[in-house]
1. Taking the Cβ of Asp180 as the center, what net charge do the other residues with Cβ under 11 Å away carry, scoring Lys and Arg +1 and Asp and Glu -1?
2. Return P(r) of region 120-239 (all Cα-Cα pairs; 10 Å bins starting at 0; whole %; ordered from short to long distances).
3. Averaged per residue, what accessible area in Å² does the chain show with a 1.4 Å probe, protein chains only?
4. Using 7 Å Cα-to-Cβ label points, what is the Ala78/Arg13 separation (nm, one decimal)?
5. Between Ser100 and Thr43, what FRET efficiency follows from the Cβ-Cβ distance if R0 is 25 Å, with the result rounded to 0.05?
6. Helix-derived [θ] at 222 nm for the chain: sum -39500 (n - 2.57) over DSSP H runs of at least 4, divide by residue count, nearest 500?
7. For region 86-239, give the percent of accessible area contributed by carbon and sulfur heavy atoms, probe 1.4 Å, rounded to a whole number.
8. Per 5 Å bin, what percent of the C-alpha pairs of region 1-109 does each bin hold, from zero upward?
Amino acid sequence: MGRRWVTAAGTIRAIAEIDPDVAARIFGSRDAIALGGWPGATTGRSWAGSARFAEDVANETIQDDLEVAMYDPEHWDATPLDERLDPHASIETFGTLARSKGYTVLITPHPNLVSVPGSSLAPRDGEARESAYLRSGIVEVAAANADVIETQAQTLQRDPDRYRAFVAETVRIARATRRDIQVLSGLSTHPGYPATVAMLRNAWISVRDVVDGHYLSLARLRLPEVATAFLAETVTTDP
């Protein structure tokens, strides 16, 4: 449990510049998914829009060596508004097309999808965003249409108990939908938290027994030294 890592090639490169051995041990195997490719890793690519993915498929502009197609719908401009307002449909559309092309499907919906103005999934009065997300059906739809999903719980990583509670509940929901689904949880060096080695370590430890791995974000390549030191600890800890 907890050993699959997913991240962008730029993140791996930044870590490798600090500690090539850690980068090789964490990301140099087929268990790792490198968005943009990395020697030894499984090659993936991310799309923020299902419609853009369909366009790239139709235009045959996707590289031949791609193995993992990732859909990252969030409450941001990169995801079209219609997809933000109906994430169930957009997730199903992406997953169906990606599977038809033989890709492993990774879906990483952000909990902030329930905060899109006009969304039918909006939090009720007094309801936390994470609670609204858990009852939104997004986790179930993602699990039904993917091989791997991520719980973007990184905004909670300062509080290991809350982080674990949210991640564990998404795992429960996902595996009730599909027993063999792989579930990752998000970790980030976003300076708004702000990230420290101890913060990442404690969040990581809190869910090691329930997740299959993690998506690691350097948040625009910030604090690579923190990520590298944290990953070095995981290498030492894992048998």
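The values are calculated or read from the model by the stated rules, or taken from the named source; none is laboratory data. Nothing here was measured: the structure is a model prediction, and the numbers come from that model. Positions of Cβ are generated from backbone atoms using ideal geometry, with glycine treated the same way; all protein chains shown enter the neighbour counts. Each accessible area value is taken on the protein alone, full model and side chains, heavy atoms only, with ligands, DNA and RNA left out. Shrake-Rupley method; radii C 1.70, N 1.55, O 1.52, S 1.80 Å.
1. Local net charge: +1.
2. Here the calculated profile for region 120-239 is 14, 42, 33, 11, 1.
3. Result: 43 Å² of accessible area for each residue.
4. Simple spin-label model gives 1.6 nm for this pair.
5. After rounding to 0.05, the efficiency reads 0.85.
6. -13000 deg cm²/dmol
7. Of all accessible area on region 86-239, carbon and sulfur atoms account for 49 percent.
8. 2, 12, 22, 20, 17, 14, 8, 4, 1
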